[in-house]
1. What Kirkwood hydrodynamic radius, in Å, does region 1-64 give when the mean of 1/r is taken over all pairs of distinct Cα atoms and then inverted?
2. Taking N as the number of residues in region 233-282, what is its Cα Rg relative to 2.2 N^0.38 Å?
3. Taking Cα pairs under 8 Å and at least six residues apart, what relative contact order does the chain come out at, in percent?
4. Once Rh is set to the Kirkwood radius over Cα pairs, what Stokes-Einstein translational diffusion coefficient, in µm²/s, holds for region 37-99 at a temperature of 25 °C and a viscosity of 0.890 mPa s?
5. To the nearest 0.05, how large is the calculated FRET efficiency for residue 26 and residue 107 if R₀ is 35 Å and r is the Cβ-Cβ distance?
6. For the chain, the longest stretch holding no GluC sites (Glu not before Pro) located in a DSSP loop with at most 12 other Cβ atoms within 10 Å is which?
7. Quick one: Kirkwood hydrodynamic radius for region 1-119, alpha-carbon pairs, angstrom, one decimal?
8. Just the number, please: Stokes-Einstein D of region 83-193 in µm²/s, Kirkwood Rh from C-alpha pairs, 10 °C, 1.306 mPa s.
Amino acid sequence: MPFLRTDHWRCAIIHAPLADLIRAGSLNGFEVTTLPDIGDHRFLADPFGLWRGGRLHVFAEAYDYRSPKGVIEVLVYDSTGRLIEREEVLREDWHLSYPYVFEHEGETYLLPEASASGRLTLYRATQFPLGWEKVEAFNFPEAAIDATPFHHAGRWWMFWTPAGTREERQSTLYLSVADDLMGPWTSLGLFLNDRAGARPGGTPIVVDGEIFLPTQDCRGTYGRGIRLLKIEGLERGLPKVTPDAILDAPAVLRRRFPDGFHTLSAAGQVTLVDVKRVGFGPRRDLMNVKRRLGLG
């Protein structure tokens with residue numbers, strides 16, 4: 001079977017709030033719990049989380065290089081950090097990743113990356129955490145990549161990257177706004193073009209009155225690291241984006257996964273990250289051809 005260099009991601013829980021990490025300017029010095037290795041040629045990435053009933057629910061992309069698309073899984077941890085459940089929660093005919101999970105007005109929503117479908121689809125929990133339904137009323141006019149919603153100053157703001165060229169997918173940040181989560185959404189256009197950090201990579205957060213958005217540094221390799229953007233002017237309807245600090249992955253994780261870090265998401269009293277090592281894996285393109293021909 002042909003092999004090539006591939007990205008292998010590993011998710012982890014940092015036992016500190018995201019705001020504390022940003023204030024410290026470092027992810028070091030905190031307890032870290034790694035999520036499980038899910039097997040050869042497979043990985044979990046893009047972790048986002050919610051607490052419910054004293055349990056941490058971590059939603060992540062589950063990907064197998066021998067399959068053409070990712071699915072969304074949930075891993076449930078008790079208050080001691082013990083994994084008690086892992087289940088698939090969402091599968092479509094297209095690739096899914098970046099499962100941005102959030103709550104609003106008593107409902108729980110999931111907004112995964114699904115640009116291969118040609119649209120951005122919002123899901124509502126029918127039986128959290130396993131049951132989800134499409135929200136037909138949601139109307140976002142772009143097949144956005146890593147769409148990241150943020151409710152602030154009485155309006156909804158969506159940070160996103162277009163499903164354009166490879167360069168655009170790794171270096172551009174667009175912003176849209178709506179008075180209601182369901183829309184209509186108005187694009188405010190391109191706000192940043194910079195491979196050093198523009199594509200969304202985690203949870204927007206207010207720290208000491210300032211808004212920060214984690215973004216992916218894609219210089220040299222996809223998902224090399226995380227850079228924070230400072231977001232200003234939302235209250236006045238005049239957004240401004242300014243590059244801020246670069247954050248390295250925790251040193252304890254970099255020893256085994258030195259080649260990337262592309263998600264930084266808040267989940268109450270903990271923070272979720274993923275880190276990467278570049279290794280070897282099956283050539284996905286040839287495996288897909290074999291599958292279509294019934295050869296493997």
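Every read-out reported here was derived from the displayed coordinates using simple, explicitly stated rules and does not represent laboratory data. Predicted model only: the values in this text are computed from it and were never measured. Note that we place each Cβ from the backbone using ideal geometry, even for glycine, and neighbour counts take in every protein chain shown.
1. Details: mean 1/r = 0.0720 Å⁻¹.
For region 1-64, the Kirkwood estimate is 13.9 Å.
2. Numbers: Rg = 15.9 Å, N = 50, 2.2 N^0.38 = 9.7 Å.
Compared with the compact-globule rule of thumb, region 233-282 sits at 1.64.
3. Numbers: 768 pairs, mean separation 58.4, N = 296.
Across the chain, relative contact order equals 20 percent.
4. Values: Rh = 12.1 Å.
Estimated via Stokes-Einstein, D reaches 203 µm²/s.
5. Numbers: r = 35 Å, r/R0 = 1.01.
In this case the efficiency is close to 0.50.
6. It works out to 137-234.
7. Details: mean 1/r = 0.0634 Å⁻¹.
For region 1-119, the Kirkwood estimate is 15.8 Å.
8. Result for D is 108 µm²/s.
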